[in-house]
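In what follows, a single structure is set out as structure tokens and then discussed.
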Amino acid sequence: MRLVVAALLLLAPVAAHATGMPQLDFANPLTTSQVVWGAIIFAAMYVAVRSFALPHVSVVLEQRAAHIAADLDAARTAKQQADAAVAELTQATREAHTGAQAEIAQAVQSAKARAAAEAAEAMAKLDAQIAQSETRIDAARKAALAALGTVAGETAHAVIDRLAGGAIAAATIDQAVAAALAARRPA
């Protein structure tokens with residue numbers, strides 16, 4: 001048989017030139033046997049893959065699909081929990097902000113009230129001090145005006161005694177000083 005195959009191989013190039021492509025020459029027993037063995041090998045591979053490999057691949061694909069579905073469910077659950085946590089945090093932040101604003105407003109109101117009370121107390125003290133000062137000033141003015149008459153009278157007596165030598169009566173001098181002071185006092 002080997003001799004036949006070797007002979008055919010030697011004669012194949014001559015026949016290929018004459019008939020066309022040697023791969024498609026089914027009259028050649030070598031081509032036919034190659035096609036038959038190719039079909040047998042393909043069928044055996046198909047049966048082996050279908051019987052042994054495809055079930056394993058199917059199991060692996062099902063496991064992966066189940067794992068992916070479980071991961072997606074876990075991701076959805078985590079996202080829902082995260083969304084709930086974000087909503088809760090946002091609500092807590094709003095409440096804290098509102099509470100802080102209320103406390104700030106209350107503190108400002110309290111500070112204003114305290115400042116107004118302190119200002120009123122300070123104004124009352126100042127008003128009392130001003131009233132006391134005005135009373136003291138009025139008393140000092142009255143005392144000064146009262147003393148002014150005496151000082152003016154004494155000064156007038158001294159000046160007139162030196163100038164006139166005591167010739168004018170003291171009652172006349174006192175009346176003139178009283179009239180001059182009365183003319184100068186505000187009404």
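Read-outs throughout are calculated quantities, based only on the coordinates presented, and are distinct from any laboratory measurement. What you see is a predicted model, and the numbers here were worked out from it, not measured in a lab. Note that we place each Cβ from the backbone using ideal geometry, even for glycine, and neighbour counts take in every protein chain shown.
Structure values in brief
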| item | result |
| --- | --- |
| Net dipole in debye of the chain [+1 Lys, Arg Cβ; -1 Asp, Glu Cβ; about Cα centre; nearest 20] | 240 |
| Derived scalar couplings ³J(HN,Hα) [the range 31-40; Karplus, 6.51 cos²θ - 1.76 cosθ + 1.60; whole Hz; x for Gly, Pro] | 5, 5, 5, 5, 5, 5, 5, x, 5, 5 |
| At R0 = 35 Å, FRET efficiency that the Cβ-Cβ distance of ALA65 and GLN91 yields, to 0.05 | 0.35 |
| The chain: calculated mean residue ellipticity at 222 nm from DSSP helix runs of at least 4, using -39500 (n - 2.57) | -32500 deg cm²/dmol |
| Calculated Kirkwood radius over Cα pairs in Å (choose from (i) 18.0; (ii) 32.0; (iii) 19.3), label | (ii) |
| Label-point gap, in nm, between ALA178 and VAL151 - each point 7 angstrom along Cα→Cβ | 2.1 |
| Contour minus Cα-Cα distance for ALA43 and ALA128 (0.36 nm per residue) | 18.4 nm |
| Cross-link partners of LYS79 among aspartates and glutamates (Cα-Cα below 13 Å; sequence separation of 8 or more within a chain) | ASP71 |
| Mean separation of Cα contacts under 8 Å (6+ apart) over length of the range 2-184, as relative contact order % | 8 |
